[in-house]
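First the structure, in the form of structure tokens, and then the observations on it.
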Amino acid sequence: MIAETDTGGAFGRIDCPVLVTRRLVMRQPHVDDVEDLTRLAGNRRIAEMLTRMPHPYGEAEARAFIELATDPARAEASYVLTLAATGAFIGCAGLRPVAGGFDLGYWIGEPFWGEGYATEAAHALVDLAFRASDADCVAASCRVTNAASQRVIHKCGFQYCGQGMLNSIAAGQVTVVRYRLDRKTWIGLRSWSRTSQ
């Protein structure tokens with residue numbers, strides 16, 4: 001999942017230190033996460049799908065991320081994803097304020113791919129964005145080659161809104177697909193899911 005780099009006109013701050021889903025505990029990162037973060041984020045296959053993750057990714061990068069993510073002056077809501085059953089660290093996700101709403105970003109460590117954790121985390125963050133703010137929309141982007149991330153975005157109800165280029169620290173200029181989910185569509189999807197159960 002690619003997080004856009006243009007932050008023009010930040011929307012606002014969400015203050016929610018912990019989110020709990022059916023299988024995940026999404027919490028703020030802390031220094032005890034350095035080893036797991038370094039091990040999972042050090043995978044080139046992950047870094048090449050993101051804009052802001054360098055490769056190689058070592059302890060210094062993990063500590064810098066944790067310091068930035070826990071800075072109280074920062075508006076971005078960053079979470080580490082852990083399994084509720086075991087506490088295992090499996091990845092990161094977050095919301096970054098942008099003009100009119102938020103930009104959604106996430107990544108899952110390769111040993112945990114294909115289990116639906118990214119979709120579960122993305123759903124929780126989209127719900128948080130719309131419930132905890134007056135945001136008009138949530139945006140998401142991913143590389144055109146990242147079919148798994150595109151499936152996550154589609155499952156969350158995002159609508160295609162074009163392609164473009166972004167600069168990735170690990171991969172250089174990459175082509176991305178851009179998506180958007182507005183509040184009205186989100187409300188309709190939430191209503192539909194309740195009545196179809």
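What follows draws every value from the coordinates through simple rules; no lab data is involved. Quick caveat, the model's predicted, so the values are computed rather than measured. No Cβ is skipped: glycine too gets one built from the backbone with ideal geometry, and neighbour counts run over all protein chains shown.
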Report the calculated FRET efficiency for R183 and T86 (r = Cβ-Cβ distance, R0 = 25 Å), to the nearest 0.05.
-> 0.10
Given a Förster distance of 45 Å, the FRET efficiency implied by the Cβ-Cβ spacing of R39 and A132, rounded to the nearest 0.05, works out to 0.90
Ratio of Rg to Rh over the stretch 18-195 (Cα coordinates, Kirkwood Rh, two decimals) | 0.94
Estimated distance in nm for a label pair at T21 and W113, the labels positioned 7 Å out from Cα along Cα-to-Cβ = 1.8
Treating only the Cβ atoms of Lys and Arg (+1) and Asp and Glu (-1) as charged, compute the dipole magnitude of the chain about its Cα centre; round to the nearest 20 debye.
-> 720
Starting from the Cα gyration tensor of the stretch 1-121, take the square roots of the eigenvalues, sort them a ≥ b ≥ c, and report rounded, prolate or oblate (rounded when a/c is under 1.5, otherwise prolate if a/b is larger than b/c, else oblate).
-> rounded
Normalising by the residue count of the stretch 21-67, find the relative contact order in percent from Cα pairs under 8 Å and 6+ residues apart.
-> 41
What number, rounded to the nearest 500 deg cm²/dmol, is the helix-based mean residue ellipticity at 222 nm of the chain, given -39500 (n - 2.57) per DSSP H run of at least four residues and division by all its residues?
-> -9000 deg cm²/dmol
What distance in nm separates the simple spin-label points at Q173 and L68, each placed 7 Å from Cα in the Cβ direction?
-> 2.3
